[in-house]
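Colleague: Below is the structure I would like to discuss, written out as structure tokens.
The values are calculated or read from the model by the stated rules, or taken from the named source; none is laboratory data. What you see is a predicted model, and the numbers here were worked out from it, not measured in a lab. Virtual Cβ from ideal backbone geometry, glycine too; neighbours counted across all protein chains shown.
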Amino acid sequence: MFEIQWYIILSAFILDFALGDPAILPHPIIYMGRAIDFFEKWFRKNITDLLISGFLFACVLILSTWLTAFLVIKLSNSIHPVFGNFIEIILLFFCFSSTSLEKAALKVFYALKADNIDDARRKLSMIVGRQTQSLDKTAMTRATVETVAENFVDGFLSPLFFAMIGGVPLALAYKMINTLDSMVGYKNDKYTLFGRASARIDDIANFIPARISVLIIALSTALLFWRKSILSFKTGFFQGSFHKSPNAGYPEAAFAGALKIRLGGPSFYYGSLVEKPYIGKEFKDPEPDKIKQACDLMMLASFVAVLIACFTAAYFFTTG
């Protein structure tokens with residue numbers, strides 16, 4: 001187990017805010033994806049029971065990620081504590097993706113504002129799993145806001161949460177969990193059995209952060225749209241369970257209340273219509289400007305979460 005110091009959290013957040021996801025740096029997620037591809041073939045070939053194979057596959061990759069990060073940080077600290085801190089900052093920076101998400105969502109926003117529907121669909125297809133070919137402006141706006149809300153948890157709050165309770169190695173282990181879910185956690189013929197463990201582990205990992213997100217989003221709403229903070233809180237907790245996912249609905253519902261927009265509804269995923277209930281059904285459909293507001297709220301919520309984490313880490317480090 002690692003304790004984490006406040007300046008590591010703050011430095012990683014500043015790097016993410018300033019740099020986003022620079023293409024010139026080798027991102028650990030790329031190597032996680034390659035490891036998933038490699039070991040999926042091995043486990044499928046050598047263990048015929050797909051449920052057992054998928055479970056062992058997920059456990060090996062998650063534990064290996066934690067162990068690798070643990071050893072890298074230990075080795076870095078043995079060279080010099082300052083170098084160890086630097087490595088922790090860089091590794092935690094790679095766990096955060098708020099700025100890259102904001103940039104991707106704003107590309108959809110600017111395309112919609114320019115009435116370039118085909119370009120908006122193309123840019124949206126890069127950040128969502130649903131089909132975008134037939135989506136109109138309202139549906140694309142809704143999908144973009146949902147992605148911003150959901151990925152506030154997956155791409156920022158959950159790695160921060162696990163860094164707080166287990167240091168940078170646990171944050172990286174979470175990123176492997178999330179990457180596994182995004183690559184094999186599907187309900188289709190190929191992954192229904194093999195990917196089930198990965199999907200369930202992801203559900204468990206995000207359970208607490210998703211619910212904490214409602215509090216942080218509501219608090220951030222008080223700073224940005226102060227009259228809507230109670231609405232964000234109430235919608236988040238009372239309608240968060242409407243989503244088919246056990247976790248994604250909570251940040252989406254909190255965003256729906258904060259922005260007073262309707263999210264959810266039926267969508268096509270990989271050729272199949274998925275009937276999803278509406279969240280914030282009492283509100284109106286979103287206009288493209290809501291994408292910009294959602295990005296502002298997501299970035300402010302990330303900053304608020306970092307402040308809370310820094311004060312918490314400083315308190316426990318000092319008193320400990």
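Colleague: Would you call residue 192 more than 19 Å from residue 63 (Cβ to Cβ), without any contact (Cβ under 8 Å) to a residue 12 or more places away in the chain and in contact with a Leu (Cβ under 9 Å, 6 or more places away or on another chain)?
Modeller: Numbers: more than 19 Å from residue 63 (Cβ to Cβ): yes; without any contact (Cβ under 8 Å) to a residue 12 or more places away in the chain: yes; in contact with a Leu (Cβ under 9 Å, 6 or more places away or on another chain): yes.
Taking the combined requirement at face value, the residue satisfies it.
Colleague: Among the residues of the range 46-85 satisfying the criterion of being within 14 Å of residue 167 (Cα to Cα) and among the small types (Gly, Ala, Ser), which is nearest to the chain's Cα centre (by Cα)?
Modeller: Here the answer is 69.
Colleague: Collect the residues in the range 152-161 that are free of Cβ contacts under 8 Å to residues at least 60 places away in the same chain and either surrounded by 24 or more Cβ atoms within 10 Å (Cβ to Cβ) or within 8 Å of the chain's Cα centre (by Cα) (or both), keeping them in residue-number order.
Modeller: So in the range 152-161, the residues free of Cβ contacts under 8 Å to residues at least 60 places away in the same chain come out as 154-155, 158, 161.
Answer for the range 152-161, where residues must be free of Cβ contacts under 8 Å to residues at least 60 places away in the same chain and either surrounded by 24 or more Cβ atoms within 10 Å (Cβ to Cβ) or within 8 Å of the chain's Cα centre (by Cα) (or both): 154, 155, 158.
Colleague: If the Cβ limit is 9 Å and pairs must be 6+ apart or interchain, which residue in the range 307-320 that is modelled with pLDDT of 85 or more pairs with which residue that is among the polar types (S, T, N, Q)?
Modeller: Once the first residue is modelled with pLDDT of 85 or more and sits in the range 307-320, its partners that are among the polar types (S, T, N, Q) give 313/5; 314/5.
Colleague: Right, here's the next one. What number of residues within the range 147-166 satisfy the criterion of being of a type in the set (Gly, Ala, Ser) and either over 12 Å from residue 178 (Cα atoms) or outside any helix (DSSP H, G or I) (or both)?
Modeller: First pass over the range 147-166, keeping only residues of a type in the set (Gly, Ala, Ser): 149, 155, 158, 163, 166.
Next cut, either over 12 Å from residue 178 (Cα atoms) or outside any helix (DSSP H, G or I) (or both) only: 149, 163, 166.
The qualifying residues number 3.
Colleague: Scan the range 119-136 for residues that are within 18 Å of residue 290 (Cβ to Cβ) and surrounded by fewer than 16 Cβ atoms within 10 Å (Cβ to Cβ) and jot them down.
Modeller: The one that is within 18 Å of residue 290 (Cβ to Cβ) and surrounded by fewer than 16 Cβ atoms within 10 Å (Cβ to Cβ): 136.
Colleague: Of everything in the range 209-229, what is in a helix (DSSP H, G or I), within 19 Å of residue 290 (Cβ to Cβ) and of a type in the set (A, V, I, L, M, F, W, C)? Give them in sequence order.
Modeller: Restricting attention to the range 209-229, the residues satisfying the condition of being in a helix (DSSP H, G or I) are 209-224, 226-229.
Filter once more, so that each one left must be within 19 Å of residue 290 (Cβ to Cβ): 213-214, 217-218, 220-224, 226-229.
Result: 214, 217, 218, 222, 223, 224, 226.
Colleague: Which residue is surrounded by the most Cβ atoms within 10 Å (Cβ to Cβ), if the candidates are limited to the range 26-57 and must be without any contact (Cβ under 8 Å) to a residue 12 or more places away in the chain and outside any helix (DSSP H, G or I)?
Modeller: Looking at the filtered set, the residue picked out is 47.
Colleague: Would you check which residues across the range 277-320 are among the β-branched types (Val, Ile, Thr) and surrounded by 14 or more Cβ atoms within 10 Å (Cβ to Cβ) and list them?
Modeller: 279, 291, 304, 306, 308, 312, listed by residue number.
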